[in-house]
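To start, the structure itself, in structure tokens.
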Amino acid sequence: MPPNALVSILHRLVLLRALTITAYVAAILFAVFVFEWGLPLLSLGLVCLLLMAYNLFSLLRLRLARRHGYAITAGEIARQLAMDILGHGLWLFFIGGASNPFTALFLLPLVIAAATLPARFVWPLTALTLATYSALLVWYLPLPLSEESLAQAFFLHTLGMWLAFVAAALIVAGLVTRIGQQLRSQERALAESREAGLRQQQVLGLALQAAGAAHRLGTPLATMTVLVDELRAERQDDAQLAADLELLQLQLQACRTELGRLRADGEQPAPQPADLALLALMDDWRVVRPAARTEVQILGTAPPTVVWPFALRQALLNLLDNAADASPDWQCIALDWSAAQLKITISDRGPGFDGKVPVGAGEGLGMGVALAVSAIERCGGRVRWQTPAEGGTAVEICLPREVHP
């Protein structure tokens, strides 16, 4: 079991032991002042004080684990449960032994052990419980019942059995529910970790391919640029063709710029204000998507200085491409910031997308989203998908003000 789960279990044991000590004290006071039983108060008080001292030690141990990182082991949890078993047995020794209906509470430490500890700890705790219960059959102090109380003994025993059953049922139900929630949370975290690992493998494979493509495409792009320049010089009299050639030249220049950035991915990009970084990103994107109708919103004032690495820029371009493909008539990108983070929201009016990508997605929209999410997460950000009331999709990207590529 993970260390953080053992810390949570120790926290619950401390709370449960505190409740148990409170119940011990309440039962003693009730027996003395209501039924006027002559209980060995000194011995019972000493048992409660010992359990309180051990609980304070456990609380100190819990604080050391949380504040200073001292790991809690399964063996330590087993020792905690063993102390609870012995403490409960010692308390029962002075108030009737095995005939006391609260012997049913011996099962609670075993339930916790079986749900949280390996078998090598569960069986010794089971043996300790059996040995303690068996000893109480022989060695114990009988309850000091008066002649008047003997007539009520059966009723009191039945009432004690009911109280013990109710307490055990509530505690077991609460513990099992909490443990089940914790296990489900760990399973979700493990599944997300596996999915992130698969995305990282895909990203690594594509990065290797992109590095090779960046070197191979340089020469063809240079050749096309030269041909476009020659055609523009030869056909200056054709206005329509000149406009098309100018657009083609701009797009070729954008391709060469992106290839240059890809080759220099390991270099530190230049810092610039966040609003200018977004506007520069949009200028590059509009060269490739000149027909896109994109609304740009800068919501904050005094923009912070940011450094956006190539991978993050490419992730934002991928999400913009998805928005333009889903909603050619309208897209919106909004930039806002706070003292701790930047928030970029990309909206469209398309059919809607929840951001769930199959793990085996290999191309198209699924691969673009997977790569974008992976790049943003590597930069310390997170992505959240929303469905506005008016329809479409809004993807919210939260980034730290200082991005570390």
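Miscellaneous remarks
- Three principal axis lengths of segment 272-400 [C-alpha, angstrom, descending]: 38, 31, 30
- Overall shape: prolate for segment 30-83, with the ratio a/c of the largest to smallest alpha carbon gyration tensor axis at 1.5 or above and a/b above b/c.
- Dipole magnitude (debye, nearest 20) for segment 272-400, charges at Cβ of Lys, Arg, Asp, Glu: 240
- Shape category assigned to segment 20-134 from the gyration tensor of Cα positions, a/c cut at 1.5: oblate
- For T116, net neighbour charge (Lys/Arg +1, Asp/Glu -1) across residues whose Cβ lies under 14 Å away: +2
Laboratory data are not the source of any read-out in this text; all were calculated from the coordinates shown. Just so it is clear, the model here is predicted, and its values are computed rather than measured. When we count neighbours, we look across all protein chains shown, and the Cβ atoms used for this are built from the backbone with ideal geometry, even at glycine.
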